[in-house]
Amino acid sequence: MLKVGIISFAHMHGFSYANALKKCKNASLVSIWDNDKQRGTDIANTFNTSLYTDLDEMLKTDLDAVIVCSENANHKEHVVKAAHYKKHILCEKPIATEINDAMEMIEACNQNNVILQIAFPVRFAPAIQEIQKLVNQSEIGNILAVNTTNHGQMPGGWFVDPKLSGGGCATDHIVHIVDTLRWILKDEVKSVYAEFDTRFYDIVVEDCGQVILEFASGIVVTIDPSWSRPKTFPIWGDVTLEFFGDQGTFHVDAFKEHTLLFNDRDNKLEHLVWSDDMDEGLIKDFLQCVTDSRPPFITGEDGLRTLEVVKAAYQSNQEKRPITLIHN
């Protein structure tokens, strides 16, 4: 039985990962650490697990692995510390807020011979996995272009504090699309052009924009990463991809399989996805990596590549020109 700890529940995905762990027969959530004492106490009670207020004390225990769900800017500190304690790590996306931090995280994990997997659960959505197979079987011929969206509701809190988040919707959402396309297309981003703005909310970070990518193969991709879904939207957002090939097109909606619930109790309409839970798929894959001592499906380098695109997008927005990527 693998012993797993969660470092911070600042990111809401921590709750989903904890619930996924509860369903696993080969692992258990034995401890958590949170710098918010009240939040930590409530979560420890909810999941019937131990709460630590000293992270070093938790990492000194016989944990096999940890899941890092702290604020984006704190990922580096927590990943590097966990690596020094020889714990395998699943880190929430984005890997970090700065490229140098991401590189240090990867190096720390390599030096300590521990797994670093980045949380890109979209790869585990059934519709995305099916389209990956079809694209690689050339069902619509050579891919020429892809239109994508990753809309969401504005999360508020530390997500709109650039010191903790690293940015707004661009930081939050571009990485999911870039990772998914890198995996499906087996290609790297060559250049980035982006324009961002703040139009939906009175916040200091961007809440909308458009991104145009050119991959090394010549494929052109557009991304709308906006926090444009209203509070009344029946789900947090969407992930859609439309592939244009020289022999046809594919349209993919990662959350198309759903049931509408007219919830009179809470006075809202809910969009209940009934396909396989991609967060559960992510957790199961990470645990299997630890058990089998195999390389992770989504590596630290994958996280670094997506962060490079995000940073190039911000540079493009500031300088009003395309940015060419030179991979380290």
### Query
Among the residues of the range 88-102, is there at least one that is more than 19 Å from Ala20 (Cα to Cα), hydroxyl-bearing (Ser, Thr, Tyr) and more than 20 Å from the chain's Cα centre (by Cα)?
no
### Query
Just one of the numbered conditions (1) of a type in the set (A, V, I, L, M); (2) open to solvent by less than 30 Å² (accessible area, probe 1.4 Å); (3) under 18 Å from His75 (Cα atoms) is not true of Met12; which one?
(2)
### Message
Being open to solvent by 20 Å² or more (accessible area, probe 1.4 Å) and either assigned to a helix (DSSP H, G or I) or touching a strand residue (DSSP E or B) at 6+ places or on another chain (Cβ under 6 Å) (or both) is the requirement here; does Asn147 meet it?
### Response
yes
#### Entry: Residue in the range 157-167 that is modelled with pLDDT under 95, within 19 Å of the chain's Cα centre (by Cα), open to solvent by 30 Å² or more (accessible area, probe 1.4 Å) and on the phi < 0 side of the Ramachandran plot present
no
### Message
Filter the range 61-80 down to the residues that are of a type outside the set (A, V, I, L, M, F, W, C) and surrounded by 18 or more Cβ atoms within 10 Å (Cβ to Cβ) and list them by number.
### Response
Ser70, Glu71, Asn72, Asn74, His75, Lys76, His78
### Summary
Filtering the range 209-246 down to residues that are in contact with a Phe, Trp or Tyr (Cβ under 6 Å, 6 or more places away or on another chain) and open to solvent by 60 Å² or more (accessible area, probe 1.4 Å) yields Ile212
### Message
Name the single residue that is least open to solvent (accessible area, probe 1.4 Å) among those in the range 20-45 being farther than 20 Å from Thr291 by Cβ and free of Cβ contacts under 8 Å to residues at least 12 places away in the same chain.
### Response
Thr41
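The values are calculated or read from the model by the stated rules, or taken from the named source; none is laboratory data. It should be emphasised that the depicted structure is a prediction, and the values quoted were computed from it without experimental measurement. A quick note on method: Cβ atoms are made from the backbone with ideal geometry, for glycine too, and the neighbour counts reach across all protein chains shown. Surface areas here come from the heavy atoms of the whole protein model, side chains and all, with no ligands, DNA or RNA. Shrake-Rupley method; radii C 1.70, N 1.55, O 1.52, S 1.80 Å.
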